[in-house]
Amino acid sequence: MADSVKYINNARKPKGMMGKKLLDRMNGGRHAELADFGLDALPEGGVRRMADLGCGGGRNVAALLARYADAYCVGIDYSPLAVRLAAQYNAQQASRCRLMQADVAALPLEAGAYDLITAFETVYFWGDLGVAFANVYAALSEGGTFMIVNETDGMDEEGRRVERLIEGMTVYTADELCAFLRKAGFASVEVRHHHTQPWIAVYARK
Ligand SMILES: C[S@@+](CC[C@H](N)C(=O)[O-])C[C@H]1O[C@@H](n2cnc3c(N)ncnc32)[C@H](O)[C@@H]1O
């Protein structure tokens, strides 16, 4: 396997030197812009407890803590490297967050306790979305929001090219995500498309 392909395959579960390089890159640049596109449309207040699933290098945990100054955030990732780097990234805010190693298939979150749960560039790797979304739904408070942000809407050639390169990756269209979310119980599901990029942000309300 070419080094460039090995490198990009770290997106699924980052490890080692290449995983660290990838996580550092995802903490900035275009990837951060993508995250902000999703964050910008969230309500300004009303969030006390939040969780970022597949938190990677931790930049979005920091962005959530900055946006909701009175809130506490749990960052979850099944990659031990990601958990370690995300904890380092958020060391200054250690009293307001906790980084945990866990799989979304067995989410260790208290039922009904979270006002906001986010998933940036990660649902592609979650396997059975029925199980994962049901777990997210259970952890949300009544009226709580689950936001998914993806850089591909499943219709662009680049997204499909990356899907072919990364083992275990599934790219979803907005309609497919909405169908999974409704099946998990979410009553209201809205999709926001970026005006120039194939980026989508999906907001599902419990
Ligand atoms: C492409 S990275 C995105 C990281 C971060 N959300 C961001 O936008 O910078 C995907 C992350 O999701 C994590 N991940 C994938 N599947 C997961 C699962 N089933 N449970 C927990 N974390 C998962 C990976 O370990 C990786 O850190």
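The numbers here are math on the coordinates, done by the rules we state, and not lab data. Just so it is clear, the structure is predicted and the values come from calculations on it, not from any experiment. Using ideal geometry, Cβ is built from the backbone for each residue, glycine included, and neighbour counts are taken over all protein chains shown.
Worth a mention:
- Computed extension gain for Ser141 through Ile8, at 0.36 nm per residue and net of the alpha carbon distance, reaches 44.3 nm.
- Order of Thr152, Thr196, Thr173, Thr118 - criterion: other Cβ atoms within 10 Å of each residue's Cβ, fewest first: Thr196, Thr173, Thr152, Thr118
- Size of charge dipole - the chain - debye, nearest 20, with Cβ of Lys, Arg +1 and Asp, Glu -1, no other charges: 600 debye
- Full-extension gain in nm, Glu33 to Ala179, via 0.36 nm per residue minus C-alpha separation: 49.9 nm
- Each DSSP beta bridge with both residues in the chain is either parallel or antiparallel, and the antiparallel ones are about 40%.
- Counting charges near Arg205 (Lys, Arg +1; Asp, Glu -1) among other residues having Cβ under 12 Å from its Cβ returns a value of -1.
- Binning the C-alpha pair distances of the chain at 5 Å intervals from 0 yields a P(r) profile of 1, 8, 16, 21, 23, 17, 9, 3, 1, 0 %, listed from the shortest bin outward.
- Between Tyr68, Ala132, Gly19, the Cα set farthest toward the positive side of the dipole of the chain (charges on each charged residue's Cβ, about the Cα centre) is that of Gly19.
- Taking other Cβ atoms within 10 Å as a rough exposure proxy, Asp156, Asp3 sort from fewest to most as Asp3, Asp156.
- When Glu151, Glu121 are sorted by how many other C-beta atoms sit within 10 angstrom of their C-beta, beginning with the fewest, the order is Glu121, Glu151.
- In the chain, Cα pairs under 8 Å separated by at least six residues give a relative contact order of 19 percent.
- Percent of Cα pairs in segment 15-76 per distance bin of 10 Å, from zero to the largest separation: 21, 51, 22, 5.
- Pairs of Cα atoms farther than 18 Å apart, segment 114-206, %: 41 percent
- Inter-label distance, Lys21 to Gln93: 2.8 nm, where each label sits 7 Å from its Cα along the C-beta direction.
- Helix-only CD estimate at 222 nm, as mean residue ellipticity for the chain, using -39500 (n - 2.57) per DSSP H run (n ≥ 4): -11000 deg cm²/dmol
- Calculated FRET efficiency for the pair Glu158/Ala187, C-beta based, R₀ 41 Å, to 0.05: 0.80
- Between Met169 and Val131, the contour length at 0.36 nm per residue exceeds the alpha carbon distance by 12.0 nm.
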